[in-house]
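Below: one structure, written as structure tokens.
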Amino acid sequence: MKPVAIATWRFGLATCEEAMKHLLSGATALDAVERGIRVTEDDPEIDTVGYGGAPNAEGIVELDAAIMWGPGRRLGAVSGLRDIAEAISVARLVLENTPHCLLTGIGARDFAIANGFKPRNMLTPESKARWEEWKKTGIANESHDTVCVLALDKNGDLCAGTSTSGIRYKMPGRVGDSPLVGCGLYCDNAVGAAAATGQGEDIMRYAMSFRIVEEMRRGHSPMEACRNTMEWAVTDDPRMRNRISCVIALGKDGQWGAAASKKGFTVATGGTDEVQQLEIDPV
């Protein structure tokens, strides 16, 4: 089996390169997804994920993340995680070290600290300045670019992962689609994996990731499954064409797919050759 990875957005290039580095060295898809996402979480220049991510309306960064491992459909997730940058690694510990699938808020923070993660100030000077300007003007750029990574390893096992700080200046306690199974991500080791990014409330309403995997189960290619799901959603609610939602998928055979509700979505894909970046046309 030839390893494959796909990641979302322009910052996904470095994410996908890191995931492929691990896959080509023989690592599991679980390891590759975690390590790829950590590159994005640790980059303060990316203001929608991890350290330096967009804060909520009170100026506090709250992170959501999830990782789903194909064998056994094992899931770990965190939501509303404060003071800890490495949300995807905390999510993996939830998967591996607890009987639960999702920890939230103070419970997720306490769990992370108990497992050796160090609390830190998650605001960079730049992200704090942007929040302070928003408090004065009420004007903010649209921002909800989740990093999503799907990977297939040499053993034929699949993994999906997501991490985000969510909508810029959201209400405290708001949770998006990213840590929710079937919405932000889904992985079935016999069929394929899918993940979503963009307007979380729209993605949740249509349980997009689960639907995409079920489309693949019925025989559609990953590209057909992504486009069918997005076309169904925007036809049902045409307002979605004015607020971006995007999906990616990876099949058991290594084929991938992607779709978006409007222009501006890019993905990075990698196999045995060089990682490349592609713009995805809207449905």
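The values are calculated or read from the model by the stated rules, or taken from the named source; none is laboratory data. Keep in mind it's a predicted model, so treat the numbers as computed, not measured. Note that each Cβ is placed from the backbone with ideal geometry, even for glycine, and that neighbours are counted across all protein chains shown.
Results, tabulated for the structure shown:
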read-out	value
Residue in segment 58-71 that is more than 18 Å from Val147 (Cα to Cα) and free of Cβ contacts under 8 Å to residues at least 40 places away in the same chain present	no
Whichever residue in segment 99-116 is among the β-branched types (Val, Ile, Thr) and in a helix (DSSP H, G or I) and, among such residues, is surrounded by the fewest Cβ atoms within 10 Å (Cβ to Cβ)	Ile106
Hey, Thr162 assigned to a helix (DSSP H, G or I), among the hydroxyl-bearing types (Ser, Thr, Tyr) and at pLDDT 95 or above or not	no
Top-ranked residue in segment 79-98 [being in contact with a Lys or Arg (Cβ under 9 Å, 6 or more places away or on another chain) and in a strand (DSSP E or B); ranked as surrounded by the fewest Cβ atoms within 10 Å (Cβ to Cβ)]	Gly80
Yes/no for Thr146 being hydroxyl-bearing (Ser, Thr, Tyr) and modelled with pLDDT of 95 or more	yes
Count of residues meeting criterion [more than 21 Å from Asp188 (Cβ to Cβ), under 15 Å from the mean Cα position of the chain (by Cα) and assigned to a helix (DSSP H, G or I)] in segment 18-55	5
Residues of segment 168-199 classified as touching a residue at least 40 places away in the same chain (Cβ under 8 Å) and either part of a strand (DSSP E or B) or touching a Ser or Thr at 6+ places or on another chain (Cβ under 7 Å) (or both), total	19
Test result for Ala57, of a type outside the set (Asp, Glu) and touching a strand residue (DSSP E or B) at 6+ places or on another chain (Cβ under 8 Å)	no
